[in-house]
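A.B. asks: My structure is below; once you've seen it, I'll send some questions.
The values are calculated or read from the model by the stated rules, or taken from the named source; none is laboratory data. From a predicted model like this one, the values you see are computed outputs, not experimental measurements. Counting neighbours? That spans all protein chains shown, and the Cβs are built from the backbone with ideal geometry, glycine included. In case anyone asks, the SASA skips ligands and DNA or RNA and just uses the protein heavy atoms, side chains included. Shrake-Rupley method; radii C 1.70, N 1.55, O 1.52, S 1.80 Å.
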Amino acid sequence: MSDAQYGFSTRAITAGQHFDPTTGAVVPPVYLTSTFVQDGIGGFRGGYEYARGGNPTRDSLQELLASLEGGLKAFSFASGLAGEDALLRAVLTPGDHIVMGNDVYGGTHRLVNRVFVPWGIDLEVVELTDLDAVRASIRPGVTKVLWIETPTNPLMKINDIAALAEIGHAAGVLVVVDNTFASPYLQQPIALGADAVIHSTTKYLGGHSDVVGGAVVVNDEELAAKVGFLQFGVGAVSGPLDAWLTIRGIKTLAVRLDRHSANAQSIAETLAEHPAIETVYYPGLPTHPGHELASRQMKAFGGMISLGLAGGEAAARAFAESTELFQLAESLGGVESLIGYPSEMTHASVRGTALEVPTNVVRLSVGIEDVADLTADLLTALDRVAKL
């Protein structure tokens with residue numbers, strides 16, 4: 001049976017994970033080496049020469065990522081932004097135009113706006129749920145990339161990957177989906193028409209807040225060759241131990257996401273009725289404008305929730321600093337629950353732009369702890385804020 005015939009959870013544990021042929025070790029070893037002995041000049045063993053160009057542990061992770069996303073080829077990087085940078089440099093040249101959603105990770109916008117725009121790239125920010133606006137933003141022959149997040153960070157908008165891919169492809173545009181919030185377990189962008197998928201593997205794929213990494217998955221040989229060259233030529237590769245930790249995390253991705261999603265759904269439903277909460281941004285709620293689309297496009301609704309506090313900025317700040325189990329920290333997707341204040345944390349760089357996050361919004365990364373404890377922590381914090 002080929003790898004593609006196995007289910008997701010089976011592939012998460014087996015794809016690229018071949019037992020060690022020398023010892024029979026079930027878990028492949030970590031290849032902590034910078035270089036490889038050659039059998040004569042140019043006689044590479046297994047194709048390995050120098051660890052920037054290739055490492056068996058990194059190759060295992062890349063095979064695994066390609067399998068889970070249903071892509072042709074995957075590339076592992078030292079961070080999610082390093083992966084984004086390599087993909088964009090592979091397809092853009094000065095004078096090109098990129099269309100990006102108006103709610104994305106602040107670091108992504110910062111990368112394009114402060115690195116690529118000065119290089120000569122034209123960035124346009126659009127409401128991606130408005131398909132007519134997307135069509136109007138594309139400049140035939142000039143627009144080269146349509147950049148999509150879904151669910152978006154932090155306002156949890158749901159964008160229609162299939163519809164956006166159709167619009168992009170009609171104009172010859174590369175359609176990229178940042179699948180970090182959903183993970184390949186909950187959403188399959190390539191199957192929905194995307195050309196490339198981006199991940200911060202730091203988040204749900206790694207899953208334990210102990211490793212930083214990124215990935216690019218593509219479905220085209222020519223694009224794979226370009227990204228592969230930049231991975232080698234620029235060298236922002238993941239180290240072997242980082243790759244191994246990410247592999248270990250991926251093995252439990254399915255069971256973790258089931259628990260993340262169940263906990264988040266329960267918390268969202270509880271907080272939707274709370275008088276201190278003005279808005280619950282969670283696609284699992286029937287009241288969410290993207291609920292129906294998310295139900296079709298995703299397996300479940302994920303572990304990320306954002307909340308708009310009725311008391312405004314002061315209440316949001318106080319709430320973010322009042323929880324105990326939800327620890328105040330950037331990042332997301334780990335087994336532990338985190339709370340953040342996007343306006344001054346993950347999205348501080350987009351203040352004053354079309355992506356500016358409302359100051360009454362806090363973001364929750366719901367972990368896999370007991371949901372009763374997490375709910376009690378949030379309700380207690382809301383009570384504390386009410387007494388201020």
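A.B. asks: Could you list, in sequence order, all residues of region 273-299 that are under 18 Å from residue 154 (Cα atoms), open to solvent by 20 Å² or more (accessible area, probe 1.4 Å) and either part of a loop (DSSP other than H, G, I, E, B) or among the aromatic types (Phe, Trp, Tyr) (or both)?
C.D. replies: 281, 287, 288, 289
A.B. asks: Still on this model: How many residues does region 1-33 hold that are over 19 Å from residue 250 (Cα atoms) and exposed (fewer than 10 other Cβ atoms within 10 Å of the Cβ)?
C.D. replies: Counting residues in region 1-33 that are over 19 Å from residue 250 (Cα atoms) and exposed (fewer than 10 other Cβ atoms within 10 Å of the Cβ) gives 6.
A.B. asks: Now, a different point. Does any residue in region 23-46 that is without any contact (Cβ under 8 Å) to a residue 60 or more places away in the chain come within less than 9 Å, Cβ to Cβ, of a residue that is among the basic types (Lys, Arg) and assigned to a loop (DSSP other than H, G, I, E, B) six or more places away or on a different chain, and which pairs are these?
C.D. replies: Close Cβ pairs satisfying both conditions: 34/52.
A.B. asks: Another one. I'm told residue 241 meets every condition in (1) among the aliphatic types (A, V, I, L, M); (2) within 30 Å of residue 373 (Cα to Cα); (3) surrounded by fewer than 17 Cβ atoms within 10 Å (Cβ to Cβ) except one. Can you identify the failing condition by its number?
C.D. replies: All conditions pass for residue 241, except number (2).
A.B. asks: Of all residues in region 129-159, which are in contact with a helix residue (DSSP H, G or I) (Cβ under 6 Å, 6 or more places away or on another chain) and assigned to a loop (DSSP other than H, G, I, E, B)?
C.D. replies: 154, 158
A.B. asks: Same structure again: Just give me the residues in region 309-341 being open to solvent by less than 20 Å² (accessible area, probe 1.4 Å), in a strand (DSSP E or B) and either touching a Gly at 6+ places or on another chain (Cβ under 8 Å) or within 27 Å of residue 111 (Cβ to Cβ) (or both), in sequence order.
C.D. replies: 338, 339, 340
A.B. asks: What pairs can you find where one residue is in region 217-231 and open to solvent by 10 Å² or more (accessible area, probe 1.4 Å), the other is in a helix (DSSP H, G or I), and their Cβ atoms are less than 7 Å apart, with a gap of 6+ or different chains?
C.D. replies: If the second residue must be in a helix (DSSP H, G or I), the pairs left are 223/90; 226/90; 230/86; 230/89; 230/90; 231/86.
A.B. asks: Give the number of residues within region 342-369 that are open to solvent by less than 10 Å² (accessible area, probe 1.4 Å) and either farther than 17 Å from residue 266 by Cα or in a loop (DSSP other than H, G, I, E, B) (or both). Talk me through it step by step, then tell me what you get.
C.D. replies: If we filter region 342-369 for residues that are open to solvent by less than 10 Å² (accessible area, probe 1.4 Å), which is where we start, we get 342-343, 347, 350, 355, 357, 361-362, 364-367.
Applying the additional criterion that residues be either farther than 17 Å from residue 266 by Cα or in a loop (DSSP other than H, G, I, E, B) (or both) yields 342-343, 347, 350, 355, 357, 361-362, 366-367.
Here the count works out to 10.
A.B. asks: Just wondering, is there one or more residues in region 77-98 that are assigned to a strand (DSSP E or B), over 18 Å from the mean Cα position of the chain (by Cα) and of a type in the set (A, V, I, L, M)?
C.D. replies: Of all residues in region 77-98, those assigned to a strand (DSSP E or B) come to 77, 97-98.
Among the residues that remain, those that are also over 18 Å from the mean Cα position of the chain (by Cα) are: 97-98.
If we keep only those that are of a type in the set (A, V, I, L, M) as well, we get 98.
Within region 77-98 (the criterion being assigned to a strand (DSSP E or B), over 18 Å from the mean Cα position of the chain (by Cα) and of a type in the set (A, V, I, L, M)), the answer is yes, since at least one residue qualifies.
A.B. asks: Consider residue 262 carefully, then state whether it is open to solvent by 10 Å² or more (accessible area, probe 1.4 Å), aliphatic (A, V, I, L, M) and part of a helix (DSSP H, G or I). Quick ask: steps written out before the conclusion?
C.D. replies: Working: open to solvent by 10 Å² or more (accessible area, probe 1.4 Å): yes; aliphatic (A, V, I, L, M): yes; part of a helix (DSSP H, G or I): yes.
Here the answer is yes, as residue 262 does meet what is asked.
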